[in-house]
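Coordinate-derived values only; no laboratory data. Not measured: the values here are computed from a predicted model. Please note: Cβ atoms are built from the backbone with ideal geometry, for glycine as well, and neighbour counts cover all protein chains shown.
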Amino acid sequence: MSDTQSDPQAAELALMQRRLERERAARKAAEVLLSSKSDELYLALQQASESQRQLELALWASGEAIWEWDAAKDTFLLRSFSRARGEPAFSDETFFDLLRLVHPDDVESTSLIWGMHLAGNHETLDLLLRFRRGDSWRWIRVRGQAVTRRADGWAERVVGTVKDVSRYRAAEDALRLMASAFASSRDAMVVMTEQWQIIEANQTFLDLIGLRQQNVGGDSFCRFIDLPEAMLRRLRDQGFGRAEIMLNRVHERGLPLEISINRFAAQAGNAPYLIATLRDISERRQAASTLERLAREDAVTRLPNRHALQEVLAVRLASLVPGKLISLLFIDLDGFKSVNDSLGHEAGDSLLQIVAGQLQAELSSQDMLARWGGDEFVAVLHESETTQRSDKLAQRLLHVLRQPIAIGGHLTGISGSIGIAVAPDDGDDAGTLLRRADVAMYAAKRAGRDQARHYHPDLDSGGLQRMRLIALLRQAVERNALSFVAQPKVRADGGLSGCELLIRWHTEEYGAVSPVQFIPLAEETGLIVQIGHQAIREAAALVREFDAAGADQLSVAVNLSPLQLQDPALEQVLLDSCRKQGIAPQRLQLEITESAFLDNKLVIETLLLRLKQHGFTLALDDFGTGYSSLSYLRDLPFDVVKIDRAFLRDIERDSRSGKLLAGIVDLCHALGMALVAEGVETASQLAVLTALGLSEFQGFLFHRPMAQQDLLGLLRHAGGEAA
């Protein structure tokens, strides 16, 4: 019995045991599953947080903010990300609060587009508008989309982004402006790779090369334009090149162009590129050629003038070979003044023109005839081995000049006096040869006129006197016995603008010696360098006196001879003089003649650039009397051009002289140079010069050279004003 009863109990316990084990296993499995799901949930939360952080970082980096609009509240919630880390900034505004900050010109379109999106007429929202931020208007881009809508289609919730695009808008405007300028530029422009492959070219370039509407993108620039090697080297070394070239086109004359090419560094990841600008300089070349020709041509006779003569003579003398001679005939018309005075200037001009034609007819094509000035002509004969031809030619010319000439119904009679100098015996430079031919011409006049005389050293009257003058000049320089006077320069209203310092020399033995006489001696002996130092110190001291008189705007001009410009101490003397007197270098105006550049041009150009950098004012003196190359105006750093009195002689009655001067005035103004007319002696000359645009003058019409103390007294009397 007991065994029977115990068996069911054991079975029930075993069953319960099995159930308990199954429950334990189930709970354990549930715990494992729950733990696994917890890990997955935690990881998902972590990933969501990282995604959120990355999104916020991306929005911060792009400058965009997130906004959300809720229809129930009609408010915008704006989240901006101003920092890479940390909580975002929030702001809460109504639509109408924000609308008050929209530019008045954008309010209507903004309201319309916003309303149409809320109503469902536009699927997306995209607005570009101006928004007030502080005291300025900023361009912003607003984009968004409704995420929930009511049954009637009206938006309940809209989300989107907003970004300040002012910088991009300005860049786009600039690009549009540049593209417009590129397309409409009167200059030809080409953008290309560093391998010369054309990226873009404007219409002007296409017209220039004769292709009109053809597309040249992808073509090689070198197919159309040949570039000088020197320009290419500079482009490689400095990233910039400029040159003047000749464009040769089929069936057309060559076209002169100015081309400049710049290399531009591209942004990261892009290759550098080149921009070429080409300009037609035909008119500029023609104008320069005309001015150059006018500057070298006599206005009355159309013969070469003295400037052209000196230039040609210098070249011929430099190339003269041993055993050859060059004869120079200096021709003066005797009796011309009486014709000019009795029949008038027009008759005088007609006589000069006729005589020029007659003289020219007697010369060969290899000879040169020039008008020296007034009633004087100079003939440079082609090189020969003897003076036989020059002697015979001189007699033929005298014969021609004796023949009566009919002028305006009047029969005129003149003759000639001719001086002959021969290189190299009488001089191997242009200045010496001209001067000695002139001496011989005056000897012919003294001998009775209507004859020719060869130069001889005995004609240099006063050879002993010359030696004595050199000795006295040397003493005067050593003892500082030279004096300086000042000739004022004035403005058009008569007020002083400065002065020019002029040297004077008075001796007990010879009285006052003209600078025309002693300056060449000073240059020949080298004394001009010491004299120049004295003049510079005197000029600086005079500027200091101007300051004491209350005229601290006036400058003093001092002349520098060619020999001085080769003096290695010149620069330091100038600086020391300014420093000692406590004046700015700008107050000293350094006047340099064109002849200074005939020798050591490169050295002198370098010196002038340094003086310019120190602040000294540079003036090209006596423009129109020396070698008058327009390249000096273009290449050298002159601030002022002084027009020589030679231009003023015929300006009142000769239109060509006026046109030539007008061209020079326009050219100097275009180059930013001031002009001073020197040698102004009449009110009519002043009127013509003023009409041409000159505003600074020097001459006897205003003031003669005066003692420095007299000039200072004039300033003190005027109360220190430049009156």
In range of the label at residue 639: residues from region 666-699 whose backbone nitrogen is under 17 Å from the point 7 Å along Cα→Cβ: 669, 671-677, 695-697
The residues 445, 580, sorted from fewest to most surrounding Cβ atoms within 10 Å, come out as 580, 445
With unit charges on the beta carbons (Lys and Arg positive, Asp and Glu negative) and the dipole taken about the Cα centre of region 287-461, which residue among 351, 413, 454 sits farthest to the positive side? 413
FRET efficiency for residue 73 and residue 168, using Cβ-Cβ distance with R0 set to 35 Å, rounded to 0.05: 0.60
Using 0.36 nm per residue of separation minus the Cα-Cα distance, give me the extension gain between residue 586 and residue 128 in nm, one decimal. 159.3 nm
Modelling each spin label as a point 7 Å along the Cα-to-Cβ direction, I'd like the residue 226/residue 242 distance in nm, to one decimal. 2.4
On full extension of the chain, what length is gained from residue 395 through residue 148, given 0.36 nm per residue of separation minus the C-alpha to C-alpha distance? 77.2 nm
List, in the order given, every pair from 324/445; 612/642; 489/612; 580/642 whose Cα-Cα distance in the structure shown is over 26 Å. 324/445; 580/642
Please tell me the relative contact order of region 481-717 in percent, rounded to the nearest whole number, where contacts are Cα pairs under 8 Å and at least six residues apart. 21
Extension gain residue 384-residue 428, at 0.36 nm per residue separation less the Cα-Cα distance, in nm? 14.3 nm
Rank these for me by crowding, 612, 392, 337, going from fewest to most other beta carbons within 10 Å. 392, 337, 612
Ranked from fewest to most other Cβ atoms within 10 Å of their own Cβ, 485, 543 fall in the order 485, 543
Find how many whole Å separate the alpha carbon centroid of region 316-331 from the alpha carbon centroid of region 496-544. 34
Within region 117-144, what residues put their amide N at less than 11 Å from the label point 7 Å along the Cα-to-Cβ vector of residue 109? 127-130
With r as the distance between the Cβ atoms of residue 263 and residue 101 and R0 = 45 Å, compute the FRET efficiency 1/(1 + (r/R0)^6) and round to 0.05. 0.50
Given labels modelled 7 Å from the Cα in the Cβ direction, how far is it in nm from residue 575 to residue 318? 3.2
